[in-house]
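So the structure is just underneath, and the comments pick up after that.
Just so it is clear, none of the values below were taken in a lab; they were calculated from the coordinates. Just so you know, these numbers come straight off a predicted model, no measurement behind them. Cβ sites come from the backbone with ideal geometry, for glycine too, and all protein chains shown count toward neighbours.
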Amino acid sequence: MCDMSVLPERRPSASESCSSVKGCAVCGGKFGLIRYYSWRTALCSKKCVDRFRTRSERDRRWLFRAQVA
């Protein structure tokens, strides 16, 4: 599934390793039977999807204000 062909003198870091997602990106909870996605981010429930979208919208608004100023 993941080809980790690296040189012998270099080991992959924790962020480069091929591990599956352990929990929800928003709350860190376990996944149930259904896993929701928003922008390739795995989320556990509709509630977390709403939280993720409001957070990203808030970040977008803040970035726009920083560019204007």
Starting from the 7 Å offset along Cα-to-Cβ, what nm value, one decimal, do you get for the label separation of R40 and L63? 1.5 nm
Arranged from highest to lowest average of other beta-carbon atoms within 10 Å per residue, in what order do the peptides 36-48, 54-66 appear? 36-48, 54-66
In Hz, Karplus ³J(HN,Hα) per residue of the range 45-55 (6.51, -1.76, 1.60; θ = phi - 60°; x = Gly, Pro): 8, 5, 4, 6, 4, 4, 4, 5, 5, 5, 5
